[in-house]
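Engineer: I have a structure here, written as structure tokens, and I will follow up with some questions on it.
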Amino acid sequence: FLDGDVMDISLLVNIVSGINLSILVVLINLPFVLIAYTQISKKFAFKTLIAISLLAIMLAVVEFPIITSDKLLIAVFGGFFLGAGIGLSIRGGSVIDGTEVLAIYSSRKTTLTVGDVILVLNLFIFSTAAYIINMETALYAILTYLVASKTVDFVVHGIEEYTSVMIVSNKSDEIKDAIVNKMGRGVTLLKGKSGYGKKGHRANDVDVIYSVVTRLELQRLKTEIAKIDEE
């Protein structure tokens, strides 16, 4: 199955031409590494070249056993481990596939976003796969791609994804102290003028607390606030 990247282009070329897959992975990725060298950074390009070379070597020398022939399991778990590998590469400051580099470059030169470019590339790759292999494989490939992309997001951003909160309370000083001293998070105080709330007109000005916490800390933050001001 495919997941929509240069590896898939290499697989399709391998099916048509019979050229060794490891060689194709390096050759087809080289132009993208050169783009990364000139448009992103030398360090990023060097790390990417090492990552792609190691990927090609592993493909050439490691015999991967067939764990299951169930297509759904292959698509889901294959996409998961694929996404984990790509995500770890990105966290290390590189990529193992040139499509991300092309997407970044194209987004800088055109009005398209990175997501738009990757989507167009994937439509081309999956359509070609449906023509060369069969439609069923292309559909499973889309499933693999979706699982891989979600896993990449999870690995890169982690469960500690941050969210911003704004807290309006007459007891802003006590809440600020709780956030700083009990949760170890920073706060910014914004001057709030009188206005309207669920109880009507607010006569007095209050400090509005702005803070950034992880999703895991959000419920704890709500609990701490409720202890001080239930409203």
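Engineer: Run the reach check for K182 against aspartates and glutamates, Cα to Cα strictly under 17 Å, same-chain hits fewer than 8 apart removed. What comes back?
Structural biologist: The reachable aspartates and glutamates, counting only those whose Cα sits under 17 Å from K182, are D173, E174, E217, E224, D229.
Engineer: Then there's this: Where in the stretch 148-190 are there trypsin sites (Lys or Arg not before Pro) that are in a DSSP coil and have at most 12 other Cβ atoms within 10 angstrom of their Cβ?
Structural biologist: Numbers: sites: K150, K171, K176, K182, R185; in loops: K171, K182, R185.
Loop-located and lightly packed - K182.
Engineer: Where the only charges are on Cβ atoms (+1 Lys, Arg; -1 Asp, Glu), what is the dipole of the chain about its Cα centre, to the nearest 20 debye? Before the final figure, lay out the partial values.
Structural biologist: On the way: 21 positive and 22 negative charges, 152 e Å.
Roughly 720 debye, rounded to the nearest 20.
Engineer: Can I ask one more? Rounded to whole Hz and in sequence order, give me ³J(HN,Hα) for the stretch 215-222 from the Karplus expression 6.51 cos²θ - 1.76 cosθ + 1.60, θ = phi - 60°, writing x for Gly and Pro.
Structural biologist: My calculation for the stretch 215-222 gives 4, 5, 8, 4, 5, 5, 4, 4 Hz in order.
Engineer: Roughly speaking, what is the stretch gain from V16 to E230, that is 0.36 nm per residue apart minus the C-alpha to C-alpha distance, in nm to one decimal? Kindly include the intermediate steps, with their values, before the conclusion.
Structural biologist: Numbers: separation 214, 0.36 × 214 = 77.04 nm, distance 6.69 nm.
Between V16 and E230, full extension yields 70.4 nm more.
Engineer: State the percentage of accessible surface on the chain attributable to carbon and sulfur atoms; use a 1.4 Å probe and exclude ligands, DNA and RNA.
Structural biologist: Using a 1.4 Å probe with all protein chains present, the chain comes out at 63 percent carbon and sulfur.
Engineer: Considering only T223, S172, I104, whose Cα is most displaced toward the positive end of the charge dipole of the chain, charges sitting on Cβ of Lys, Arg (+1) and Asp, Glu (-1)?
Structural biologist: S172
Engineer: Here's another thing I want to ask about it. Can you run phi through the Karplus equation (6.51, -1.76, 1.60; θ = phi - 60°) for the stretch 9-22 and list ³J(HN,Hα) in whole Hz, with x for Gly and Pro?
Structural biologist: 4, 4, 4, 5, 5, 4, 5, 6, 9, x, 5, 3, 4, 4
Engineer: Taking K43 as the anchor, which lysines have their alpha carbon closer than 22 Å to its alpha carbon, excluding any fewer than eight residues away along the same chain?
Structural biologist: Partners found: K109.
Engineer: State the three equivalent ellipsoid semi-axes of the stretch 1-130, derived from the C-alpha gyration tensor as the square roots of 5 times its eigenvalues, in descending order and whole Å.
Structural biologist: 24, 18, 15
Engineer: Right, here's the next one. Based solely on its DSSP helices, what 222 nm [θ] is calculated for the chain when runs of n ≥ 4 H residues each add -39,500 (n - 2.57) and the sum is averaged over all residues, nearest 500 deg cm²/dmol?
Structural biologist: -21500 deg cm²/dmol, from helical runs alone.
Engineer: May I pose another question? For K193, list the lysines whose Cα falls under 24 Å from its own Cα; do not include residues on the same chain fewer than 8 positions away.
Structural biologist: Within the straight-line cut-off, K193 pairs with K171, K176, K222.
Engineer: Still on this structure, please answer the following. At a Förster radius of 25 Å, what calculated FRET efficiency corresponds to the Cβ-Cβ distance of F46 and L88, to the nearest 0.05?
Structural biologist: 0.90
Engineer: What list of ³J(HN,Hα) couplings, whole Hz, do you get for the stretch 40-48 from phi and the Karplus terms 6.51, -1.76, 1.60, once you set θ to phi - 60° and write x for glycine and proline?
Structural biologist: Result, ordered by residue: 10, 6, 5, 5, 4, 5, 5, 4, 5 Hz.
Engineer: May I ask you to give the average projected area over all directions of the convex hull of the Cα atoms of the chain, in nm² rounded to one decimal?
Structural biologist: About 18.4 nm², averaged over all directions.
Engineer: May I ask you to give the solvent-accessible area per residue for the chain, in square angstrom, as obtained with a 1.4 angstrom probe?
Structural biologist: 62 Å²
Engineer: Expressed in nm to one decimal, what extension gain is obtained for the pair S164 and L218 from 0.36 nm per residue of sequence separation less their Cα-Cα distance? Mind showing how you got there, number by number?
Structural biologist: Values: separation 54, 0.36 × 54 = 19.44 nm, distance 0.95 nm.
Net length gain for the segment: 18.5 nm.
The values are calculated or read from the model by the stated rules, or taken from the named source; none is laboratory data. Keep in mind it's a predicted model, so treat the numbers as computed, not measured. In this analysis, Cβ positions are derived from the backbone assuming ideal geometry, glycine residues included, and neighbour counts consider all displayed protein chains. Note: accessible area is taken over every heavy atom of the protein model, side chains too, but ligands, DNA and RNA are not part of it. Shrake-Rupley method; radii C 1.70, N 1.55, O 1.52, S 1.80 Å.
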